[in-house]
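J.: Dropping a structure here in structure tokens format, bear with me for questions.
The values are calculated or read from the model by the stated rules, or taken from the named source; none is laboratory data. Treat the numbers as computed from the prediction; the structure is a model and nothing was measured. Here Cβ is always computed from backbone atoms with ideal geometry, including for glycine, and neighbour counts include all displayed protein chains.
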Amino acid sequence: MTAHALIAAHGWAQDAIEIVIVQTSGDRIQDRALADIGGKALWTKELERALVAQEIDFAVHSMKDVETIRPAIFQIGAMLPRADVRDKLVGVESFDALPANPVVGTSSPRRAAQVMRLRPDATITLFRGNVATRLAKLAAGEVHATLLAAAGLDRLDQSHVGVSIPIDTMLPAPSQGAVGIEALADNAPLLDALAAINDADANDAVAAERAVLKALGGTCHSPIAALAVVDGEGLYLRAEIISPDGQETVAQETWLARSDDLVAQAVGRALLEQASPALRALFEG
């Protein structure tokens with residue numbers, strides 16, 4: 001997607017960009033939760049090592065997997081137009097259609113907490129692996145249902161899989177559906193080239209969501225949801241934190257100007273201030 005966008009924007013030859021496939025620790029380690037083996041860096045550290053070694057000129061990331069606080073040597077140079085931000089329920093038509101005491105597969109603390117909020121009788125089981133692996137586990141009857149990002153299914157031409165969950169039912173993860181392109185911060189010519197494919201709406205919305213994350217100081221253990229939507233010249237931002245058992249939700253919403261990270265961070269701080277000590281403890285240390 002990134003290569004096609006750059007070639008179209010600059011009129012480059014079809015073979016102007018070489019795609020280098022980098023297998024990450026997150027790809028290789030499939031039997032444990034990300035939070036237990038290093039968190040989001042598992043998806044980025046090998047790509048960033050290749051950037052520093054100048055084996056690649058830029059890295060393409062799912063922004064949902066990019067750590068909030070970034071080393072200064074790196075810069076997100078562009079954001080592609082954002083895809084569908086929703087989650088999909090796969091295996092049943094609705095949460096009400098699940099049997100009593102259902103088993104639901106997910107590796108996401110956010111999705112797990114949101115499922116527990118909707119279905120307190122559910123049991124959550126760890127589901128790692130790519131889309132094909134998760135769908136195979138579902139087909140084998142390991143769980144009654146699982147949850148997947150609509151954007152990932154769309155990009156794999158599997159839009160027919162699953163039922164989209166309304167945003168009001170399940171607020172997505174910060175940056176869900178967004179693809180960012182990262183380069184070395186001192187590579188001005190490349191950053192200029194990337195700027196030609198930057199989608200301002202996606203860039204501004206994701207920046208607001210990541211500012212909430214920064215204020216929360218959340219880890220992969222922390223159930224956090226946030227979504228900013230472009231509203232005229234500004235953004236409408238919603239965010240929530242949830243206890244792992246789904247019994248406590250603290251939510252905030254506000255309108256803010258684009259690039260107003262201070263207001264977005266204030267939303268994150270307000271969530272913590274209103275949370276119970278037990279929920280707040282998930283975000284400390």
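J.: How many of the residues in segment 117-143 are polar (S, T, N, Q) and either within 19 Å of LEU156 (Cα to Cα) or touching a Lys or Arg at 6+ places or on another chain (Cβ under 6 Å) (or both)?
T.: Residues in segment 117-143 being polar (S, T, N, Q) and either within 19 Å of LEU156 (Cα to Cα) or touching a Lys or Arg at 6+ places or on another chain (Cβ under 6 Å) (or both): 2 in total.
J.: Scan segment 157-172 residue by residue and report those that are small (Gly, Ala, Ser) and touching a residue at least 60 places away in the same chain (Cβ under 8 Å).
T.: Once the filter is applied, which keeps residues that are small (Gly, Ala, Ser) and touching a residue at least 60 places away in the same chain (Cβ under 8 Å), segment 157-172 yields GLY162, SER164.
J.: Next question, about the same structure. Would you confirm, using the coordinates I've provided, whether LEU272 is more than 29 Å from ILE73 (Cα to Cα), touching a residue at least 24 places away in the same chain (Cβ under 8 Å) and not in a strand (DSSP E or B)?
T.: yes
J.: Inspect segment 231-240 for any residue being farther than 22 Å from ARG86 by Cβ, at pLDDT 95 or above, in the same structural domain as LEU216 (by TED's automatic domain parsing) and in a loop (DSSP other than H, G, I, E, B) and give the result as yes or no.
T.: No, because not a single residue in segment 231-240 is farther than 22 Å from ARG86 by Cβ, at pLDDT 95 or above, in the same structural domain as LEU216 (by TED's automatic domain parsing) and in a loop (DSSP other than H, G, I, E, B).
J.: Could you identify the single residue in GLU182, GLU209 that is charged (D, E, K, R) and either assigned to a loop (DSSP other than H, G, I, E, B) or assigned by TED's automatic domain parsing to the domain that holds GLU67 (or both)?
T.: GLU182
J.: What about ILE167, is it in contact with a strand residue (DSSP E or B) (Cβ under 7 Å, 6 or more places away or on another chain) and surrounded by fewer than 19 Cβ atoms within 10 Å (Cβ to Cβ)?
T.: Yes.
J.: Name the strands (runs of 3 or more DSSP E) wholly inside segment 67-172 in which the number of residues that are closer than 30 Å to ALA196 by Cα is 2 or more.
T.: Qualifying strands (runs of 3 or more DSSP E): 74-79.
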